[in-house]
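The values are calculated or read from the model by the stated rules, or taken from the named source; none is laboratory data. It should be emphasised that the depicted structure is a prediction, and the values quoted were computed from it without experimental measurement. Methodologically, a virtual Cβ is constructed for each residue, glycine included, from the backbone with ideal geometry; neighbour enumeration extends over all protein chains shown. The protein model used for the area step is the full one, side chains on, heavy atoms only, and it has no ligands, DNA or RNA in it. Shrake-Rupley method; radii C 1.70, N 1.55, O 1.52, S 1.80 Å.
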Amino acid sequence: RLYHRHLWQEDGADILAYVKKRGLSDAVIRRFGIGAAPARPNIGSTLMSEGFTKEELISAGLMLERDGRVFDMFRNRAMFPIIDAYGNVLGFGGRAIGDVQPKYLNTSETPIFHKSSNMFGIDIAKSAIVSSGEAIVVEGYTDVIAMHQAGIANVVATLGTALTAQHVKLISRFATRI
């Protein structure tokens, strides 16, 4: 919610402009919970002021610690929440705005997030997958979102990895054809 809130604020204006340039409507931006990790303010500091500990934020993959310094994992990025089939946010994918490298950055593996066994959009697509009996797997977050915006709702994406046996097992819970 914090990343999503930043998208609509002044510090998220460049990121919102990028998302809109990709042709995404306000409705689909809200539906997928797209957000912004601005260059400033520091998201970690905000979350610690709300009661989270530094250790929790590092364990969740939102902050990194190097050379005794702690800093946000995601800065100046469009943020895509990765949500499981039950509606739980497991992690994030961040798309750099400008020349920041790497261009795409996912939450690191955590106790609850494993990119080889989760799929982007499964929470929103699962009912359409069940209804149609098939799932369409595409490459990226914006591919999924654009397809949903165009009315094709049985679409999911891997999380920067090749399609794995765990992905197939997950999709097969809802689809007979992939």
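Observations on the structure shown:
- The chain: radius of gyration over Cα atoms, expressed as a fraction of 2.2 N^0.38 Å: 1.03
- Loop-resident sites, the range 1-60, for chymotrypsin sites (Phe, Trp or Tyr not before Pro), counting at most 15 other Cβ within 10 Å (DSSP): Trp8, Phe52
- Peptide ranges 119-125, 9-15 listed from the most packed, as the mean C-beta count within 10 angstrom indicates: 119-125, 9-15
- In the frame of its principal axes, the range 110-178 has Cα extents of 33, 24, 19 Å, reported largest first.
- For the chain: accessible area per residue (Å², 1.4 Å): 52 Å²
- Restricting the trypsin sites (Lys or Arg not before Pro) of the range 142-177 to loop positions (DSSP other than H, G, I, E, B) with no more than 13 neighbouring Cβ atoms within 10 Å leaves Arg173.
- Under-5 Å amide H pairs with Val155, H placed in peptide plane, nonlocal only: Ile136
- The 1.4 Å probe gives accessible areas that order Tyr104, Tyr141, Tyr86, largest first, as Tyr86, Tyr104, Tyr141.
- For the peptides 132-139, 21-28, the ranking by packing is 132-139, 21-28, with the highest mean count of neighbouring Cβ atoms within 10 Å listed first.
- R0 of 41 Å, Cβ-Cβ distance Gln9-Ile152: FRET efficiency to nearest 0.05: 0.85
- Each residue was assigned an accessible area with a 1.4 Å probe, and for Phe74 the value is about 0 Å².
- Counting lysine pairs in the chain that sit 8 or more residues apart in sequence, or on different chains, and whose Cα atoms lie under 26 Å apart gives 9.
- Relative contact order [Cα under 8 Å, 6+ residues apart], the chain, whole percent: 18 percent
- The loop-placed GluC sites (Glu not before Pro) in the range 20-88, going by DSSP, that have at most 12 neighbouring Cβ atoms within 10 Å of their Cβ come out as Glu50.
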